[in-house]
Amino acid sequence: MTLNTMTVGDAFKQDMRVQWDAAAAGWDRHGSEIRDWLRMPTDAMLEMAGIREGQTVLDVAAGAGDQTLDLAARVGVQGAVVATDISAGILAYALGNAIRAGHHNVRIHEADAEDLNLGDAMFDAAVCRLGLMFLPDPLTGISQVYRVLKPGARFCSIVFAGPDMNPCLRILMSTALRHAGLPPRDPFQPGGLVSLGKPGLMDDLFQRAGFRAVATTRMEAPFRMPTTEHYLAFIRESAGPILQILAPLDDAARTAAWADIAAQLDVYQTDTGWIGPNALLLTTGQR
Ligand SMILES: C[S@@+](CC[C@H](N)C(=O)[O-])C[C@H]1O[C@@H](n2cnc3c(N)ncnc32)[C@H](O)[C@@H]1O
């Protein structure tokens with residue numbers, strides 16, 4: 001593809017791929033913290049998607065594969081998991097983690113969620129944990145999942161709820177933009193961290209993609225760390241979108257931005273550790 005035929009959507013995704021290739025090692029290194037943070041919603045997602053032994057399951061935007069391991073354990077040796085992601089770099093971690101955990105039923109497939117490049121009606125179930133909000137056109141992505149599911153199969157996705165329920169994400173994004181000299185962004189702008197958090201939007205997208213029996217459940221998933229610094233260490237190594245905004249700054253300006261972010265996040269320090277409010281939306285539907 002030459003530059004002059006590249007659409008805005010293509011450029012956005014190329015950026016996304018580069019961003020997550022760069023953040024892959026950090027996302028993987030902080031895997032056990034992510035696992036603790038998302039334990040309950042992940043278990044709920046697997047239940048809502050109806051994951052059972054022997055199934056062939058699709059994992060969209062699988063990242064370093066934390067939820068892939070849970071899927072692999074549930075479907076067992078008679079089943080299979082196809083872990084897809086736009087970033088080949090992060091998918092390599094997913095495969096390595098699956099092999100290390102003894103799951104030989106995981107296959108990786110590099111693909112944009114808006115163009116899965118997989119056959120129709122192949123899967124018994126599908127999940128997507130914290131991926132759909134990064135799509136410039138989430139309806140196309142959800143329609144792709146619908147297409148590759150067998151009739152009757154279920155899909156469950158997790159996205160961040162709106163900005164009011166995710167103050168840490170709001171602080172990170174608005175402070176990074178301000179220090180980078182960029183204008184504030186509409187939080188619901190497609191592709192943004194909380195872009196799918198508008199009440200009713202996920203249900204509407206699932207229904208428009210063709211899913212029936214659609215329902216969304218909000219779940220609190222506070223991030224618990226010993227201190228603000230521990231949370232920031234996670235963000236500084238793994239939060240692709242924030243790192244990308246701060247990347248053009250020189251060292252001094254970047255240090256000032258992180259100090260400003262830390263000062264604001266300190267309000268969530270308690271006697272029993274740092275507890276960052278965080279809310280997620282779990283949406284399920286049946287083909
Ligand atoms: C926040 S991480 C979540 C990873 C994993 N699902 C988890 O919960 O640990 C978001 C993932 O979405 C992927 N992603 C972003 N845009 C994508 C797209 N258009 N198609 C497929 N994956 C995409 C990124 O590469 C990244 O691995």
Charge sum, other residues only, whose C-beta stays under 13 Å from Pro277's C-beta, Lys/Arg counted +1 and Asp/Glu -1: +1
Helix 66-75 axis, angle to the chain major axis (alpha carbon atoms, nearest 10°): 20
Beta bridge orientation in the chain: antiparallel %, DSSP, nearest 5: 50
Relative contact order (%) - criterion: Cα under 8 Å, at least six apart; region: region 138-284: 40
1.4 Å probe accessible area per residue over the chain, in Å²: 44
Dipole-positive endmost among Thr216, Gly276, Val106 within the chain (Cβ charges, Cα centre): Thr216
Charge sum, other residues only, whose C-beta stays under 11 Å from Phe223's C-beta, Lys/Arg counted +1 and Asp/Glu -1: -2
Alpha carbon centroid spacing (whole Å) that separates region 142-210 from region 218-286: 17
Charge context of Cys156, other residues only, Cβ under 15 angstrom, K/R +1, D/E -1: +1
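Can you tell me how region 225-287 classifies by the Cα gyration tensor, rounded, prolate or oblate, using a/c under 1.5 as the rounded cut?
Here region 225-287 falls in the oblate category.
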For region 99-225, size of Cβ-based charge dipole, Lys and Arg +1, Asp and Glu -1, in debye: 380
Cα-projected label distance for Thr217 with Thr270, points at 7 Å along beta-carbon direction, nm: 2.3
Once the Cα gyration tensor of region 88-244 is diagonalised, semi-axes √(5λ) in Å: 28, 22, 15
Point-charge dipole on Cβ atoms (K/R +1, D/E -1) for the chain, about Cα centre, debye to 20: 560
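Taking the highest mean first, how do the peptides 152-163, 245-256 order by number of other beta carbon atoms within 10 angstrom per residue?
Working: 152-163: 22.4, 245-256: 12.8.
Packing proxy ranking, top to bottom: 152-163, 245-256.
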Acute angle (nearest 10 degrees) that the helix 39-48 long axis makes with the longest principal axis of the chain, alpha-carbon atoms: 30
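Which whole-number percent gives the relative contact order of region 1-101, counting Cα pairs below 8 Å spaced six or more residues apart?
On the way: 119 pairs, mean separation 30.9, N = 101.
Worked out over region 1-101, it gives 31 percent.
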Two-site FRET efficiency, Ala256 against His109, from Cβ-Cβ distance with R₀ of 30 Å, rounded to 0.05: 0.15
Point-charge dipole on Cβ atoms (K/R +1, D/E -1) for region 210-264, about Cα centre, debye to 20: 400
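The values are calculated or read from the model by the stated rules, or taken from the named source; none is laboratory data. Please read these numbers as outputs of a predicted model, since none were measured by experiment. We place every Cβ from the backbone using ideal geometry, glycine too, and count neighbours over all the protein chains shown. Ligands, DNA and RNA are stripped out before the accessible areas are found, and what is left, the full protein with its side chains, is counted by its heavy atoms. Shrake-Rupley method; radii C 1.70, N 1.55, O 1.52, S 1.80 Å.
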